[in-house]
Amino acid sequence: MAERKWAVIAVGGNALIKDKQHQTVEDQYLAAQETTKHIADMIEQGWDVAIGHGNGPQVGFILRRSELAAKVAGMHEVPLDVCGADSQGAIGYSFQQNLRNEFKRRGIDKSVATVVTQTLVDHNDTAFQNPTKPIGGFMEEDEAKRREQEEKWTVVEDAGRGWRRVVASPLPKEIVELKAIHSLLDAGITVISVGGGGIPVIENEEGDLEGVAAVIDKDFGSSLLAQSVGADLFLISTAVEKVYINFNKPDQKAIDVMTISEAKKYIEEGHFAKGSMLPKIQAIIWYLEAGGKEAIITDPAHISAALRGETGTRIIPDPA
């Protein structure tokens with residue numbers, strides 16, 4: 001019997017929302033359908049797969065609906081951690097239904113399950129002292145200051161466009177539902193988990209879990225999952241076929257393979273943008289330094305070709 005190959009795939013937001021003209025639930029479903037075809041190709045090649053995904057735009061939509069409903073109809077607002085849970089369920093539903101249908105078309109006897117996932121963070125993480133992640137809609141200054149006072153929000157003025165709430169983005173420490181995820185993977189079930197990096201929770205003095213108003217980077221959440229299940233491969237599916245240095249400059253250059261040391265050198269030289277490629281590279285370094293074997297960055301359409309070594313960017317440990 002062939003040895004099982006384990007992979008964790010982190011699916012970027014582009015997999016669900018391709019542009020501003022295609023943001024509806026129906027549009028997102030069709031986009032997920034396309035991505036799941038490429039994941040099914042991977043599973044047909046013999047990989048057992050756990051899928052993580054982003055949820056930033058979807059949480060933003062949920063928050064906006066909540067804010068409008070509160071202003072127009074006096075309804076209660078939805079806390080940020082619950083928005084994360086809502087998005088995990090909805091996105092998981094979209095992926096698992098599309099995967100199930102794709103498996104049926106291909107005659108693959110496999111089940112799919114979504115695990116609503118909590119991720120433990122440290123309440124002493126320095127990110128909580130310096131919240132930087134904007135969430136929710138824009139506010140007038142008086143509303144922002146009122147909510148800062150009454151609800152202990154951190155608010156900032158956003159480049160003349162209005163005021164916004166900002167929250168922390170702490171490093172994930174532990175996946176609460178890891179045993180359940182591991183059991184499903186051991187049973188051969190394709191698992192969708194750590195959506196949006198997981199719902200951020202802390203342990204209180206009694207050891208009970210409490211949700212916190214924060215966001216976890218989905219690449220770091222997926223990296224932690226890859227480490228925790230001992231994945232043979234950590235694959236980040238994003239908007240570009242390969243990673244580039246000098247990106248969008250006349251001398252830009254695609255990278256086929258880089259080691260941890262080379263990746264760190266490129267980071268020091270400022271080649272990777274903070275809001276896009278940098279966290280992906282950092283999450284991969286974290287995975288590899290924890291004992292991971294190999295990572296790949298590519299776009300959904302090139303996953304199969306990247307697995308064959310034909311494209312994508314491979315990141316590997318330094319030679320012994």
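Listing for the model above:
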{"item": "Segment 155-168, subset surrounded by fewer than 17 Cβ atoms within 10 Å (Cβ to Cβ) and aliphatic (A, V, I, L, M), residue modelled with the highest pLDDT", "result": "V156"}
{"item": "Qualifying residues in segment 1-47 (those that are surrounded by 21 or more Cβ atoms within 10 Å (Cβ to Cβ) and not in a helix (DSSP H, G or I)) - the one farthest from the chain's Cα centre (by Cα)", "result": "A7"}
{"item": "Residue check, D109 over 30 Å from W163 (Cβ atoms), more than 24 Å from the chain's Cα centre (by Cα) and either assigned to a helix (DSSP H, G or I) or of a type in the set (D, E) (or both)", "result": "yes"}
{"item": "Failed item, numbered, when K264 is tested on (1) surrounded by fewer than 24 Cβ atoms within 10 Å (Cβ to Cβ); (2) in contact with an Asp or Glu (Cβ under 9 Å, 6 or more places away or on another chain); (3) at pLDDT 95 or above", "result": "(2)"}
{"item": "Where G56 falls short, out of the listed (1) of a type in the set (G, A, S); (2) within 26 Å of G221 (Cα to Cα); (3) over 19 Å from the mean Cα position of the chain (by Cα)", "result": "(3)"}
{"item": "Given (1) over 20 Å from the mean Cα position of the chain (by Cα); (2) exposed (fewer than 14 other Cβ atoms within 10 Å of the Cβ); (3) part of a loop (DSSP other than H, G, I, E, B), number of the condition A70 does not satisfy", "result": "(3)"}
{"item": "Qualifying positions in segment 116-142 - within 18 Å of E210 (Cα to Cα) and either in contact with a strand residue (DSSP E or B) (Cβ under 7 Å, 6 or more places away or on another chain) or free of Cβ contacts under 8 Å to residues at least 60 places away in the same chain (or both)", "result": "T117, Q118, T119, L120, V121, H123, N124, D125, A127, F128"}
{"item": "Failed condition for I62, given (1) under 23 Å from A306 (Cα atoms); (2) assigned to a helix (DSSP H, G or I); (3) out of contact with any strand residue (DSSP E or B) (no Cβ under 8 Å at 6 or more places or on another chain); (4) of a type in the set (V, I, T)", "result": "(1)"}
{"item": "Residues located in segment 169-207, provided they are surrounded by fewer than 23 Cβ atoms within 10 Å (Cβ to Cβ) and of a type in the set (S, T, N, Q)", "result": "S169, S183, N204"}
{"item": "Subset tally (residues that are of a type in the set (V, I, T) and assigned to a loop (DSSP other than H, G, I, E, B)) for segment 193-208", "result": "1"}
{"item": "Residue within segment 101-119 that is closer than 16 Å to V201 by Cα, modelled with pLDDT of 95 or more, of a type in the set (A, V, I, L, M) and buried (at least 18 other Cβ atoms within 10 Å of the Cβ) present", "result": "yes"}
{"item": "Qualifying residue in segment 135-145 (condition: within 28 Å of V201 (Cα to Cα), basic (K, R) and surrounded by fewer than 15 Cβ atoms within 10 Å (Cβ to Cβ))", "result": "yes"}
{"item": "Scan of segment 215-237 for residues that are closer than 22 Å to V78 by Cα and touching a Lys or Arg at 6+ places or on another chain (Cβ under 8 Å), ordered by number", "result": "V215"}
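Conditions tested, residue by residue: (1) in contact with a strand residue (DSSP E or B) (Cβ under 8 Å, 6 or more places away or on another chain); (2) surrounded by fewer than 19 Cβ atoms within 10 Å (Cβ to Cβ); (3) closer than 11 Å to I236 by Cβ.
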site	(1), (2), (3)
P250	no, yes, no
M258	yes, no, no
G270	no, yes, no
M277	yes, no, yes
I281	yes, no, yes
K293	yes, yes, no
D299	yes, no, yes
R308	no, yes, no
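For (1) of a type in the set (S, T, N, Q); (2) closer than 18 Å to D81 by Cβ; (3) in contact with a Phe, Trp or Tyr (Cβ under 8 Å, 6 or more places away or on another chain), each residue gets a yes or a no:
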{"residue": "V166", "(1), (2), (3)": "no, yes, no"}
{"residue": "E174", "(1), (2), (3)": "no, yes, no"}
{"residue": "H182", "(1), (2), (3)": "no, no, no"}
{"residue": "D186", "(1), (2), (3)": "no, no, no"}
{"residue": "T190", "(1), (2), (3)": "yes, no, no"}
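The values are calculated or read from the model by the stated rules, or taken from the named source; none is laboratory data. Keep in mind that what you see is a predicted model, and the values were worked out from it rather than measured. So basically every Cβ, Gly included, is an ideal-geometry build from the backbone, and we count neighbours across all protein chains shown.
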